[in-house]
1. Just to verify a result, which residue in the stretch 475-496, among those that are in contact with a Ser or Thr (Cβ under 6 Å, 6 or more places away or on another chain) and open to solvent by 20 Å² or more (accessible area, probe 1.4 Å), is modelled with the lowest pLDDT?
2. Being in contact with a Lys or Arg (Cβ under 8 Å, 6 or more places away or on another chain), modelled with pLDDT under 90, within 25 Å of residue 431 (Cβ to Cβ) and not β-branched (Val, Ile, Thr) is the requirement here; does residue 114 meet it?
3. Under 8 Å between Cβ atoms, which residue pairs at least 6 apart in sequence (or on different chains) link something in the stretch 525-544 that is among the acidic types (Asp, Glu) with a partner that is part of a helix (DSSP H, G or I)?
4. So how many residues does the stretch 408-422 have that are open to solvent by 10 Å² or more (accessible area, probe 1.4 Å), aliphatic (A, V, I, L, M) and either farther than 15 Å from residue 375 by Cβ or within 10 Å of the chain's Cα centre (by Cα) (or both)?
5. Among residues belonging to the stretch 384-399 that are touching a residue at least 40 places away in the same chain (Cβ under 8 Å) and part of a helix (DSSP H, G or I), point out the one that is surrounded by the most Cβ atoms within 10 Å (Cβ to Cβ).
6. Take the stretch 540-562 and flag every residue that is farther than 20 Å from residue 422 by Cα and in contact with a Phe, Trp or Tyr (Cβ under 6 Å, 6 or more places away or on another chain).
7. Do we have residue 220 as more than 13 Å from residue 196 (Cβ to Cβ), modelled with pLDDT of 80 or more and open to solvent by less than 60 Å² (accessible area, probe 1.4 Å) here?
8. Exactly one of (1) in contact with a strand residue (DSSP E or B) (Cβ under 7 Å, 6 or more places away or on another chain); (2) open to solvent by 20 Å² or more (accessible area, probe 1.4 Å); (3) not hydroxyl-bearing (Ser, Thr, Tyr) is unmet by residue 141. Its number?
Amino acid sequence: MTDPRDQRRLAAILAADVVGYSRLMGQDEGGTLAALRARWKDVLTPAVARHRGRVVKVMGDGVLVEFGSAVDAVECAVAVQAGFLAANAGVPEDRQIVLRIGINLGEVIVEGGDLYGDGVNIAARLEGLAEPGGICVSAKVMAEVQGKVAATFADMGEVALKNIANPLRVYRAAPSCRPGPGADATAPGPSPALASIAVLPFENMSGDPDQEYFADGVAEDILTELSRFRSLFVIARNSSFSFRDKGLDAPEIARRLNVQFVLSGSVRRSGKRVRVSVRLTQAATGQDIWADRHDREVEDIFAVQDDIVRTIVVTLEARLGLAIAAEASRRRTPNLAAHECVLLALGYVNKHDFLGAEPYVRRALEIDPANAMAHVMQSSLAYVEYLETFDKAALDRMEAAARRAAALDPLESGGPALIGMSLTARGAHQEAAPFVMLAVQLNPADTVALAYQAEWLLHTGDAAAAMAVMDQLLLRDPVSQPWHWEIRAQCHIVEHRYHEAIKALGQQDRKFWYIHGCLAICHARLGQPEKARAEVAELSRLKPGMTVAAFLSALFPEATRDLDVWADGLRQAGLPA
(Lines give C-alpha, C1' and ligand atoms only; values in the text may rest on other atoms or scores of the structure.)
Protein backbone atom coordinates (compact mmCIF):
# COMPACT_ATOMS: atom_id res chain seq x y z
CA MET A 1 0.00 0.00 0.00
CA THR A 2 1.26 3.46 -0.88
CA ASP A 3 2.21 5.61 2.11
CA PRO A 4 -0.10 8.67 2.12
CA ARG A 5 2.94 10.78 2.90
CA ASP A 6 4.42 9.90 -0.48
CA GLN A 7 4.16 12.72 -3.03
CA ARG A 8 2.75 12.37 -6.51
CA ARG A 9 3.64 14.67 -9.36
CA LEU A 10 3.70 14.84 -13.12
CA ALA A 11 7.22 14.47 -14.56
CA ALA A 12 9.09 13.65 -17.73
CA ILE A 13 11.25 10.61 -17.03
CA LEU A 14 14.35 9.67 -19.01
CA ALA A 15 15.69 6.13 -18.63
CA ALA A 16 19.02 5.23 -20.25
CA ASP A 17 20.95 1.98 -20.40
CA VAL A 18 24.31 0.93 -21.86
CA VAL A 19 24.10 -1.45 -24.83
CA GLY A 20 26.13 -4.65 -24.36
CA TYR A 21 27.26 -3.73 -20.85
CA SER A 22 27.96 -7.33 -19.80
CA ARG A 23 30.12 -7.90 -22.89
CA LEU A 24 32.08 -4.71 -22.22
CA MET A 25 32.62 -5.67 -18.58
CA GLY A 26 33.74 -9.16 -19.62
CA GLN A 27 36.35 -7.66 -21.97
CA ASP A 28 37.74 -5.06 -19.55
CA GLU A 29 35.96 -4.51 -16.26
CA GLY A 30 38.20 -1.75 -14.91
CA GLY A 31 38.44 0.13 -18.21
CA THR A 32 34.69 -0.07 -18.81
CA LEU A 33 33.85 1.27 -15.34
CA ALA A 34 36.36 4.12 -15.69
CA ALA A 35 35.10 5.03 -19.17
CA LEU A 36 31.46 4.93 -18.10
CA ARG A 37 32.11 7.10 -15.02
CA ALA A 38 33.84 9.61 -17.31
CA ARG A 39 30.84 9.62 -19.66
CA TRP A 40 28.39 10.23 -16.82
CA LYS A 41 30.59 13.07 -15.56
CA ASP A 42 31.61 14.71 -18.85
CA VAL A 43 28.53 14.16 -21.03
CA LEU A 44 25.43 13.23 -19.03
CA THR A 45 25.77 15.46 -15.95
CA PRO A 46 26.41 18.73 -17.85
CA ALA A 47 23.60 17.95 -20.31
CA VAL A 48 21.15 17.28 -17.49
CA ALA A 49 22.18 20.54 -15.77
CA ARG A 50 21.77 22.54 -18.98
CA HIS A 51 18.25 21.18 -19.42
CA ARG A 52 17.18 21.67 -15.81
CA GLY A 53 16.93 17.98 -14.96
CA ARG A 54 17.70 15.92 -11.86
CA VAL A 55 19.63 12.67 -11.87
CA VAL A 56 17.50 10.42 -9.68
CA LYS A 57 19.95 7.52 -9.61
CA VAL A 58 22.78 5.86 -11.48
CA MET A 59 22.55 2.07 -11.51
CA GLY A 60 25.86 0.83 -12.90
CA ASP A 61 24.98 0.62 -16.59
CA GLY A 62 21.80 2.71 -16.37
CA VAL A 63 20.55 6.08 -15.23
CA LEU A 64 17.18 7.60 -14.34
CA VAL A 65 16.63 11.36 -14.80
CA GLU A 66 13.61 13.54 -13.93
CA PHE A 67 12.62 16.70 -15.82
CA GLY A 68 9.91 19.26 -15.28
CA SER A 69 9.09 19.35 -19.00
CA ALA A 70 9.08 16.89 -21.88
CA VAL A 71 10.89 19.43 -24.07
CA ASP A 72 13.83 19.53 -21.68
CA ALA A 73 13.88 15.72 -21.49
CA VAL A 74 13.98 15.22 -25.26
CA GLU A 75 16.53 17.98 -25.86
CA CYS A 76 18.72 16.47 -23.14
CA ALA A 77 18.39 12.98 -24.64
CA VAL A 78 19.42 14.23 -28.07
CA ALA A 79 22.40 16.08 -26.57
CA VAL A 80 23.47 13.03 -24.56
CA GLN A 81 23.31 10.70 -27.56
CA ALA A 82 25.27 13.16 -29.68
CA GLY A 83 27.78 13.62 -26.85
CA PHE A 84 28.31 9.86 -26.54
CA LEU A 85 28.71 9.66 -30.31
CA ALA A 86 31.40 12.35 -30.21
CA ALA A 87 33.14 10.72 -27.23
CA ASN A 88 33.26 7.41 -29.14
CA ALA A 89 35.37 9.09 -31.84
CA GLY A 90 38.53 7.05 -32.33
CA VAL A 91 37.42 4.27 -29.94
CA PRO A 92 37.39 0.75 -31.46
CA GLU A 93 33.83 -0.28 -32.28
CA ASP A 94 33.80 -3.19 -29.81
CA ARG A 95 34.85 -0.84 -26.97
CA GLN A 96 32.42 1.99 -27.66
CA ILE A 97 29.88 2.92 -24.99
CA VAL A 98 26.46 3.30 -26.61
CA LEU A 99 23.15 4.17 -24.93
CA ARG A 100 19.51 3.38 -25.49
CA ILE A 101 17.12 6.01 -24.11
CA GLY A 102 13.39 5.95 -23.34
CA ILE A 103 11.29 8.96 -22.28
CA ASN A 104 7.80 9.04 -20.80
CA LEU A 105 5.55 11.76 -19.44
CA GLY A 106 3.35 10.68 -16.56
CA GLU A 107 2.57 10.67 -12.87
CA VAL A 108 5.30 9.44 -10.53
CA ILE A 109 5.46 8.66 -6.83
CA VAL A 110 8.23 10.42 -4.92
CA GLU A 111 9.71 8.56 -1.96
CA GLY A 112 12.73 10.28 -0.49
CA GLY A 113 14.81 11.15 -3.51
CA ASP A 114 13.63 8.15 -5.55
CA LEU A 115 10.77 7.82 -8.06
CA TYR A 116 8.32 4.95 -8.60
CA GLY A 117 5.16 4.17 -10.51
CA ASP A 118 4.01 3.50 -14.07
CA GLY A 119 5.51 6.80 -15.25
CA VAL A 120 8.94 5.37 -14.43
CA ASN A 121 8.20 1.80 -15.55
CA ILE A 122 7.02 2.92 -19.00
CA ALA A 123 10.18 4.99 -19.53
CA ALA A 124 12.27 1.90 -18.72
CA ARG A 125 10.24 -0.26 -21.15
CA LEU A 126 10.61 2.39 -23.90
CA GLU A 127 14.36 2.39 -23.39
CA GLY A 128 14.37 -1.33 -24.18
CA LEU A 129 12.63 -0.64 -27.51
CA ALA A 130 15.17 1.93 -28.65
CA GLU A 131 17.91 1.08 -31.12
CA PRO A 132 21.56 1.42 -30.01
CA GLY A 133 22.23 5.15 -29.95
CA GLY A 134 18.50 5.81 -30.34
CA ILE A 135 15.61 7.37 -28.42
CA CYS A 136 12.03 6.13 -28.00
CA VAL A 137 9.27 8.30 -26.55
CA SER A 138 5.64 7.80 -25.59
CA ALA A 139 2.79 9.44 -27.49
CA LYS A 140 2.30 11.87 -24.59
CA VAL A 141 5.89 13.06 -24.96
CA MET A 142 5.64 13.37 -28.75
CA ALA A 143 2.44 15.41 -28.46
CA GLU A 144 4.12 17.81 -26.03
CA VAL A 145 7.35 18.37 -27.93
CA GLN A 146 6.52 18.14 -31.63
CA GLY A 147 7.48 21.41 -33.34
CA LYS A 148 9.31 22.60 -30.22
CA VAL A 149 12.53 20.59 -30.46
CA ALA A 150 15.11 19.89 -33.18
CA ALA A 151 13.96 16.31 -33.65
CA THR A 152 11.79 14.26 -35.97
CA PHE A 153 9.46 11.43 -34.89
CA ALA A 154 8.64 8.13 -36.58
CA ASP A 155 5.48 6.29 -35.49
CA MET A 156 6.25 2.71 -34.34
CA GLY A 157 2.56 1.94 -33.78
CA GLU A 158 0.95 0.56 -30.64
CA VAL A 159 3.28 -1.67 -28.65
CA ALA A 160 2.47 -4.03 -25.78
CA LEU A 161 4.90 -3.33 -22.92
CA LYS A 162 5.75 -5.88 -20.25
CA ASN A 163 3.71 -5.43 -17.04
CA ILE A 164 1.86 -2.42 -18.52
CA ALA A 165 -1.89 -3.05 -18.82
CA ASN A 166 -2.66 -1.34 -22.14
CA PRO A 167 -0.63 -1.08 -25.36
CA LEU A 168 1.03 2.29 -25.88
CA ARG A 169 1.75 4.21 -29.06
CA VAL A 170 5.51 4.65 -29.34
CA TYR A 171 7.60 7.02 -31.45
CA ARG A 172 11.23 6.86 -32.48
CA ALA A 173 12.94 10.26 -32.07
CA ALA A 174 15.85 11.32 -34.27
CA PRO A 175 17.85 14.57 -34.18
CA SER A 176 17.19 17.18 -36.83
CA CYS A 177 19.51 20.03 -37.85
CA ARG A 178 16.56 22.09 -39.01
CA PRO A 179 16.26 25.30 -37.01
CA GLY A 180 13.55 25.24 -34.39
CA PRO A 181 10.84 27.82 -33.80
CA GLY A 182 13.40 30.26 -32.37
CA ALA A 183 15.19 30.60 -35.70
CA ASP A 184 12.82 33.19 -37.13
CA ALA A 185 14.40 35.07 -40.00
CA THR A 186 12.18 38.07 -39.29
CA ALA A 187 13.17 38.39 -35.64
CA PRO A 188 14.49 41.92 -34.96
CA GLY A 189 16.78 40.87 -32.15
CA PRO A 190 17.25 38.53 -29.21
CA SER A 191 14.19 37.27 -27.39
CA PRO A 192 13.12 39.63 -24.60
CA ALA A 193 13.16 36.59 -22.29
CA LEU A 194 16.95 36.47 -22.62
CA ALA A 195 19.49 38.79 -21.05
CA SER A 196 21.74 40.03 -23.85
CA ILE A 197 25.38 40.87 -23.25
CA ALA A 198 28.47 41.90 -25.22
CA VAL A 199 31.99 41.22 -23.94
CA LEU A 200 34.36 43.94 -25.16
CA PRO A 201 38.10 43.38 -25.72
CA PHE A 202 39.92 43.89 -22.43
CA GLU A 203 42.40 46.76 -22.31
CA ASN A 204 46.05 45.74 -22.14
CA MET A 205 47.51 47.71 -19.22
CA SER A 206 50.86 45.88 -19.16
CA GLY A 207 52.80 48.54 -21.05
CA ASP A 208 53.85 45.87 -23.56
CA PRO A 209 51.90 45.81 -26.85
CA ASP A 210 52.92 42.18 -27.31
CA GLN A 211 50.70 41.27 -24.33
CA GLU A 212 47.51 42.34 -26.12
CA TYR A 213 46.91 38.75 -27.20
CA PHE A 214 46.82 37.73 -23.52
CA ALA A 215 44.22 40.39 -22.64
CA ASP A 216 42.13 39.34 -25.65
CA GLY A 217 42.41 35.73 -24.58
CA VAL A 218 41.04 36.48 -21.09
CA ALA A 219 38.06 38.34 -22.57
CA GLU A 220 37.45 35.69 -25.19
CA ASP A 221 37.49 32.84 -22.67
CA ILE A 222 34.96 34.70 -20.52
CA LEU A 223 32.80 35.27 -23.60
CA THR A 224 32.96 31.58 -24.48
CA GLU A 225 31.95 30.46 -20.99
CA LEU A 226 29.04 32.93 -20.86
CA SER A 227 27.88 31.63 -24.25
CA ARG A 228 27.19 28.21 -22.72
CA PHE A 229 24.21 29.56 -20.76
CA ARG A 230 21.01 29.22 -22.77
CA SER A 231 19.39 32.04 -20.83
CA LEU A 232 22.03 34.52 -21.98
CA PHE A 233 22.17 35.98 -25.49
CA VAL A 234 25.88 36.64 -26.07
CA ILE A 235 27.13 38.72 -29.00
CA ALA A 236 29.88 36.99 -30.98
CA ARG A 237 33.51 37.97 -30.57
CA ASN A 238 33.87 39.28 -34.10
CA SER A 239 31.21 41.94 -33.48
CA SER A 240 32.00 42.94 -29.90
CA PHE A 241 35.76 43.11 -30.54
CA SER A 242 35.21 45.35 -33.59
CA PHE A 243 34.67 48.28 -31.20
CA ARG A 244 38.29 48.23 -30.06
CA ASP A 245 39.79 51.74 -29.99
CA LYS A 246 36.58 53.31 -31.35
CA GLY A 247 36.27 55.69 -28.38
CA LEU A 248 32.62 54.77 -27.76
CA ASP A 249 31.12 54.40 -24.31
CA ALA A 250 29.37 51.24 -23.13
CA PRO A 251 25.78 52.52 -23.64
CA GLU A 252 26.52 53.50 -27.24
CA ILE A 253 28.13 50.13 -28.00
CA ALA A 254 25.15 48.40 -26.38
CA ARG A 255 22.78 50.44 -28.58
CA ARG A 256 24.67 49.48 -31.75
CA LEU A 257 24.76 45.80 -30.81
CA ASN A 258 21.20 45.83 -29.41
CA VAL A 259 22.17 44.36 -26.03
CA GLN A 260 21.19 45.13 -22.44
CA PHE A 261 24.59 44.68 -20.78
CA VAL A 262 28.23 45.28 -21.64
CA LEU A 263 31.19 43.65 -19.89
CA SER A 264 34.46 45.53 -20.16
CA GLY A 265 37.76 45.24 -18.36
CA SER A 266 41.51 45.42 -18.34
CA VAL A 267 44.45 43.09 -17.79
CA ARG A 268 47.78 44.10 -16.28
CA ARG A 269 50.46 41.42 -16.42
CA SER A 270 53.78 41.87 -14.70
CA GLY A 271 56.14 38.95 -14.29
CA LYS A 272 54.24 36.13 -12.63
CA ARG A 273 51.40 38.35 -11.42
CA VAL A 274 48.26 39.38 -13.24
CA ARG A 275 45.52 41.85 -12.33
CA VAL A 276 42.13 41.54 -14.05
CA SER A 277 39.61 44.35 -13.56
CA VAL A 278 36.05 44.00 -14.85
CA ARG A 279 32.83 45.96 -14.83
CA LEU A 280 29.30 45.11 -15.94
CA THR A 281 27.33 48.06 -17.33
CA GLN A 282 23.57 48.25 -17.81
CA ALA A 283 22.86 49.92 -21.14
CA ALA A 284 19.55 51.54 -20.21
CA THR A 285 21.03 53.56 -17.34
CA GLY A 286 24.73 53.63 -18.21
CA GLN A 287 25.39 52.57 -14.62
CA ASP A 288 27.88 49.90 -13.58
CA ILE A 289 25.88 47.26 -11.74
CA TRP A 290 28.97 45.30 -10.72
CA ALA A 291 32.73 45.83 -10.72
CA ASP A 292 35.60 43.81 -9.31
CA ARG A 293 39.35 43.39 -9.38
CA HIS A 294 41.32 40.15 -9.17
CA ASP A 295 45.03 39.92 -8.30
CA ARG A 296 46.47 36.46 -8.87
CA GLU A 297 49.42 34.48 -10.08
CA VAL A 298 49.41 34.12 -13.86
CA GLU A 299 48.93 30.37 -13.48
CA ASP A 300 45.60 31.10 -11.72
CA ILE A 301 44.13 33.03 -14.66
CA PHE A 302 41.62 30.26 -15.36
CA ALA A 303 40.32 30.44 -11.79
CA VAL A 304 39.95 34.21 -12.22
CA GLN A 305 37.88 33.65 -15.37
CA ASP A 306 35.68 31.19 -13.43
CA ASP A 307 35.10 33.78 -10.71
CA ILE A 308 34.10 36.44 -13.24
CA VAL A 309 31.73 34.15 -15.16
CA ARG A 310 30.10 32.86 -11.98
CA THR A 311 29.60 36.38 -10.61
CA ILE A 312 28.11 37.71 -13.85
CA VAL A 313 25.67 34.82 -14.05
CA VAL A 314 24.61 35.18 -10.42
CA THR A 315 24.31 38.97 -10.80
CA LEU A 316 22.10 38.73 -13.87
CA GLU A 317 20.06 35.96 -12.28
CA ALA A 318 19.38 38.08 -9.23
CA ARG A 319 18.51 41.20 -11.23
CA LEU A 320 16.53 39.64 -14.04
CA GLY A 321 15.14 36.45 -12.51
CA LEU A 322 16.75 34.25 -15.15
CA ALA A 323 16.82 30.49 -14.78
CA ILE A 324 20.59 30.17 -15.19
CA ALA A 325 22.81 27.64 -13.48
CA ALA A 326 24.83 29.19 -10.67
CA GLU A 327 28.19 28.43 -12.18
CA ALA A 328 29.88 27.12 -15.28
CA SER A 329 31.22 23.58 -15.23
CA ARG A 330 34.97 23.83 -15.75
CA ARG A 331 36.88 21.41 -17.85
CA ARG A 332 40.51 20.43 -17.73
CA THR A 333 42.75 23.44 -17.01
CA PRO A 334 45.15 23.74 -19.96
CA ASN A 335 48.89 24.20 -19.76
CA LEU A 336 49.42 27.99 -19.65
CA ALA A 337 52.25 28.04 -22.22
CA ALA A 338 50.20 25.97 -24.68
CA HIS A 339 47.18 28.17 -24.01
CA GLU A 340 49.23 31.27 -24.87
CA CYS A 341 50.33 29.65 -28.15
CA VAL A 342 46.67 28.99 -28.99
CA LEU A 343 45.84 32.64 -28.25
CA LEU A 344 48.68 33.82 -30.50
CA ALA A 345 47.49 31.48 -33.26
CA LEU A 346 43.95 32.78 -32.86
CA GLY A 347 45.19 36.30 -33.43
CA TYR A 348 46.55 35.25 -36.82
CA VAL A 349 43.42 33.29 -37.70
CA ASN A 350 41.23 36.31 -36.95
CA LYS A 351 43.34 38.26 -39.46
CA HIS A 352 42.94 35.38 -41.96
CA ASP A 353 46.67 34.71 -41.79
CA PHE A 354 46.53 30.93 -41.57
CA LEU A 355 50.21 30.43 -42.43
CA GLY A 356 51.12 32.66 -39.49
CA ALA A 357 48.90 30.63 -37.17
CA GLU A 358 50.30 27.21 -38.10
CA PRO A 359 53.61 27.30 -36.16
CA TYR A 360 51.83 28.42 -32.97
CA VAL A 361 49.30 25.58 -33.28
CA ARG A 362 52.14 23.13 -33.82
CA ARG A 363 54.02 24.48 -30.80
CA ALA A 364 50.90 24.33 -28.60
CA LEU A 365 50.48 20.64 -29.41
CA GLU A 366 54.16 19.97 -28.72
CA ILE A 367 53.80 21.54 -25.27
CA ASP A 368 50.42 20.03 -24.42
CA PRO A 369 49.11 17.27 -26.74
CA ALA A 370 45.91 17.16 -24.67
CA ASN A 371 44.97 20.80 -25.42
CA ALA A 372 41.57 20.43 -27.11
CA MET A 373 41.50 23.95 -28.54
CA ALA A 374 44.86 23.40 -30.25
CA HIS A 375 43.37 20.37 -31.99
CA VAL A 376 40.32 22.46 -32.96
CA MET A 377 42.62 25.03 -34.55
CA GLN A 378 44.65 22.31 -36.27
CA SER A 379 41.39 21.00 -37.74
CA SER A 380 40.38 24.50 -38.87
CA LEU A 381 43.69 25.02 -40.66
CA ALA A 382 43.26 21.69 -42.43
CA TYR A 383 39.78 22.79 -43.53
CA VAL A 384 41.20 25.98 -45.07
CA GLU A 385 43.73 23.81 -46.92
CA TYR A 386 40.89 21.62 -48.15
CA LEU A 387 38.94 24.63 -49.44
CA GLU A 388 41.99 25.75 -51.39
CA THR A 389 42.81 22.35 -52.88
CA PHE A 390 39.77 20.07 -52.34
CA ASP A 391 42.35 17.41 -51.53
CA LYS A 392 40.68 14.64 -49.51
CA ALA A 393 43.93 14.12 -47.56
CA ALA A 394 43.41 17.55 -45.97
CA LEU A 395 39.86 16.52 -45.14
CA ASP A 396 41.20 13.40 -43.43
CA ARG A 397 43.50 15.53 -41.27
CA MET A 398 40.65 17.91 -40.51
CA GLU A 399 38.38 15.13 -39.28
CA ALA A 400 41.11 13.36 -37.30
CA ALA A 401 42.07 16.54 -35.41
CA ALA A 402 38.41 17.41 -34.75
CA ARG A 403 37.73 13.94 -33.35
CA ARG A 404 40.75 14.25 -31.04
CA ALA A 405 39.40 17.59 -29.80
CA ALA A 406 35.93 16.11 -29.18
CA ALA A 407 37.41 13.17 -27.27
CA LEU A 408 39.59 15.45 -25.12
CA ASP A 409 36.83 17.94 -24.30
CA PRO A 410 33.23 16.74 -24.82
CA LEU A 411 31.88 20.16 -23.72
CA GLU A 412 33.75 22.17 -26.39
CA SER A 413 31.63 22.95 -29.47
CA GLY A 414 34.52 23.27 -31.94
CA GLY A 415 35.27 19.55 -32.20
CA PRO A 416 31.73 18.40 -33.10
CA ALA A 417 31.27 21.40 -35.43
CA LEU A 418 34.35 20.47 -37.44
CA ILE A 419 33.53 16.74 -37.43
CA GLY A 420 30.12 17.64 -38.82
CA MET A 421 31.61 19.90 -41.50
CA SER A 422 34.20 17.30 -42.53
CA LEU A 423 31.45 14.70 -42.95
CA THR A 424 29.29 17.21 -44.83
CA ALA A 425 32.19 17.92 -47.17
CA ARG A 426 32.37 14.19 -47.90
CA GLY A 427 28.64 14.07 -48.63
CA ALA A 428 27.95 11.97 -45.49
CA HIS A 429 25.00 14.15 -44.51
CA GLN A 430 23.22 11.67 -42.25
CA GLU A 431 26.38 10.96 -40.28
CA ALA A 432 27.11 14.68 -40.00
CA ALA A 433 23.70 15.66 -38.57
CA PRO A 434 24.18 14.72 -34.87
CA PHE A 435 27.59 16.41 -34.73
CA VAL A 436 26.29 19.61 -36.34
CA MET A 437 23.42 19.73 -33.88
CA LEU A 438 25.57 18.87 -30.86
CA ALA A 439 27.90 21.79 -31.61
CA VAL A 440 25.01 24.27 -31.58
CA GLN A 441 23.57 22.73 -28.42
CA LEU A 442 26.89 22.92 -26.60
CA ASN A 443 27.29 26.60 -27.43
CA PRO A 444 24.30 28.36 -29.04
CA ALA A 445 26.43 31.50 -29.47
CA ASP A 446 29.22 29.74 -31.41
CA THR A 447 28.82 31.44 -34.79
CA VAL A 448 31.14 28.92 -36.45
CA ALA A 449 28.84 26.11 -35.32
CA LEU A 450 25.81 28.04 -36.60
CA ALA A 451 27.51 28.65 -39.95
CA TYR A 452 28.31 24.95 -40.31
CA GLN A 453 24.70 24.12 -39.44
CA ALA A 454 23.65 26.43 -42.28
CA GLU A 455 26.11 24.76 -44.66
CA TRP A 456 24.71 21.35 -43.73
CA LEU A 457 21.20 22.59 -44.45
CA LEU A 458 22.32 24.05 -47.77
CA HIS A 459 23.98 20.77 -48.76
CA THR A 460 20.85 18.81 -47.89
CA GLY A 461 18.64 21.01 -50.05
CA ASP A 462 17.03 23.41 -47.58
CA ALA A 463 18.32 26.85 -48.56
CA ALA A 464 15.44 28.62 -46.79
CA ALA A 465 16.30 26.96 -43.45
CA ALA A 466 19.99 27.67 -44.05
CA MET A 467 19.24 31.36 -44.55
CA ALA A 468 17.13 31.38 -41.37
CA VAL A 469 20.15 30.09 -39.44
CA MET A 470 22.37 32.71 -41.08
CA ASP A 471 19.91 35.41 -40.05
CA GLN A 472 20.03 34.03 -36.51
CA LEU A 473 23.83 34.15 -36.74
CA LEU A 474 23.67 37.80 -37.83
CA LEU A 475 21.87 38.63 -34.58
CA ARG A 476 24.72 37.04 -32.66
CA ASP A 477 27.39 38.58 -34.87
CA PRO A 478 26.11 41.86 -36.39
CA VAL A 479 29.50 42.68 -37.93
CA SER A 480 29.77 39.09 -39.21
CA GLN A 481 32.78 37.18 -40.48
CA PRO A 482 33.51 37.68 -44.20
CA TRP A 483 33.23 33.95 -44.93
CA HIS A 484 29.70 33.90 -43.51
CA TRP A 485 28.63 35.92 -46.56
CA GLU A 486 29.78 33.11 -48.83
CA ILE A 487 27.14 30.83 -47.30
CA ARG A 488 24.53 33.58 -47.68
CA ALA A 489 25.50 33.98 -51.33
CA GLN A 490 25.03 30.29 -52.06
CA CYS A 491 21.58 30.42 -50.43
CA HIS A 492 20.72 33.40 -52.65
CA ILE A 493 21.86 31.51 -55.77
CA VAL A 494 19.57 28.58 -54.95
CA GLU A 495 16.69 31.04 -54.46
CA HIS A 496 17.54 32.83 -57.77
CA ARG A 497 18.46 36.09 -56.03
CA TYR A 498 21.57 36.78 -58.09
CA HIS A 499 22.01 40.49 -57.31
CA GLU A 500 21.95 39.70 -53.59
CA ALA A 501 24.41 36.84 -54.14
CA ILE A 502 26.90 39.11 -55.93
CA LYS A 503 26.60 41.67 -53.14
CA ALA A 504 27.18 38.98 -50.50
CA LEU A 505 30.21 37.58 -52.35
CA GLY A 506 31.65 41.09 -52.42
CA GLN A 507 31.95 40.84 -48.60
CA GLN A 508 34.21 37.77 -48.91
CA ASP A 509 37.78 38.97 -48.37
CA ARG A 510 39.41 35.72 -49.51
CA LYS A 511 38.21 34.46 -52.86
CA PHE A 512 38.70 30.72 -52.97
CA TRP A 513 38.66 29.40 -56.52
CA TYR A 514 35.03 28.26 -56.38
CA ILE A 515 33.89 31.82 -55.58
CA HIS A 516 34.63 32.69 -59.22
CA GLY A 517 32.29 29.90 -60.29
CA CYS A 518 29.53 31.31 -58.08
CA LEU A 519 30.03 34.77 -59.55
CA ALA A 520 30.02 33.33 -63.09
CA ILE A 521 26.61 31.73 -62.41
CA CYS A 522 25.17 35.01 -61.12
CA HIS A 523 26.42 37.11 -64.04
CA ALA A 524 25.27 34.51 -66.57
CA ARG A 525 21.79 34.39 -65.05
CA LEU A 526 21.60 38.18 -65.05
CA GLY A 527 22.45 38.37 -68.75
CA GLN A 528 25.99 39.70 -68.23
CA PRO A 529 27.98 37.34 -70.49
CA GLU A 530 31.25 39.29 -70.48
CA LYS A 531 31.45 39.35 -66.71
CA ALA A 532 30.46 35.68 -66.58
CA ARG A 533 33.20 34.70 -69.05
CA ALA A 534 35.77 36.74 -67.09
CA GLU A 535 34.94 34.81 -63.92
CA VAL A 536 35.15 31.47 -65.78
CA ALA A 537 38.54 32.52 -67.16
CA GLU A 538 39.79 33.24 -63.64
CA LEU A 539 38.34 29.94 -62.40
CA SER A 540 40.11 28.06 -65.19
CA ARG A 541 43.37 29.87 -64.46
CA LEU A 542 43.24 28.81 -60.82
CA LYS A 543 41.98 25.30 -61.61
CA PRO A 544 43.10 24.27 -65.12
CA GLY A 545 40.78 21.77 -66.78
CA MET A 546 37.83 22.63 -64.51
CA THR A 547 34.46 21.39 -65.77
CA VAL A 548 30.86 21.78 -64.67
CA ALA A 549 30.82 18.19 -63.36
CA ALA A 550 34.08 18.62 -61.44
CA PHE A 551 32.91 21.92 -59.93
CA LEU A 552 29.63 20.47 -58.66
CA SER A 553 31.33 17.30 -57.40
CA ALA A 554 33.78 19.38 -55.38
CA LEU A 555 31.20 21.73 -53.88
CA PHE A 556 28.30 19.33 -53.38
CA PRO A 557 29.49 15.72 -53.07
CA GLU A 558 26.61 13.25 -52.84
CA ALA A 559 24.19 16.18 -53.11
CA THR A 560 20.63 15.58 -51.94
CA ARG A 561 19.45 18.73 -53.68
CA ASP A 562 18.64 19.94 -57.18
CA LEU A 563 21.81 21.34 -58.78
CA ASP A 564 20.27 22.42 -62.07
CA VAL A 565 20.52 26.11 -61.23
CA TRP A 566 24.27 25.67 -60.68
CA ALA A 567 24.92 23.47 -63.70
CA ASP A 568 22.87 25.61 -66.11
CA GLY A 569 24.51 28.82 -64.89
CA LEU A 570 28.02 27.44 -65.31
CA ARG A 571 27.24 26.17 -68.81
CA GLN A 572 25.76 29.57 -69.72
CA ALA A 573 28.96 31.21 -68.47
CA GLY A 574 31.02 29.02 -70.80
CA LEU A 575 32.47 26.37 -68.49
CA PRO A 576 32.87 23.02 -70.30
CA ALA A 577 30.50 20.28 -69.23
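1. Filtering the stretch 475-496 for residues that are in contact with a Ser or Thr (Cβ under 6 Å, 6 or more places away or on another chain) and open to solvent by 20 Å² or more (accessible area, probe 1.4 Å), the one modelled with the lowest pLDDT comes out as 479.
2. no
3. If the second residue must be part of a helix (DSSP H, G or I), the pairs left are 535/516; 535/517; 535/519; 535/520; 535/523; 535/573; 538/516.
4. Number satisfying all stated conditions: 1.
5. Result: 387.
6. Listed by number, the residues that qualify are 542, 543.
7. Taking the combined requirement at face value, the residue satisfies it.
8. (2)
The values are calculated or read from the model by the stated rules, or taken from the named source; none is laboratory data. Nothing here was measured: the structure is a model prediction, and the numbers come from that model. No Cβ is skipped: glycine too gets one built from the backbone with ideal geometry, and neighbour counts run over all protein chains shown. Accessible surface is based on the protein model in full, side chains and every heavy atom, while ligands, DNA and RNA are left aside. Shrake-Rupley method; radii C 1.70, N 1.55, O 1.52, S 1.80 Å.
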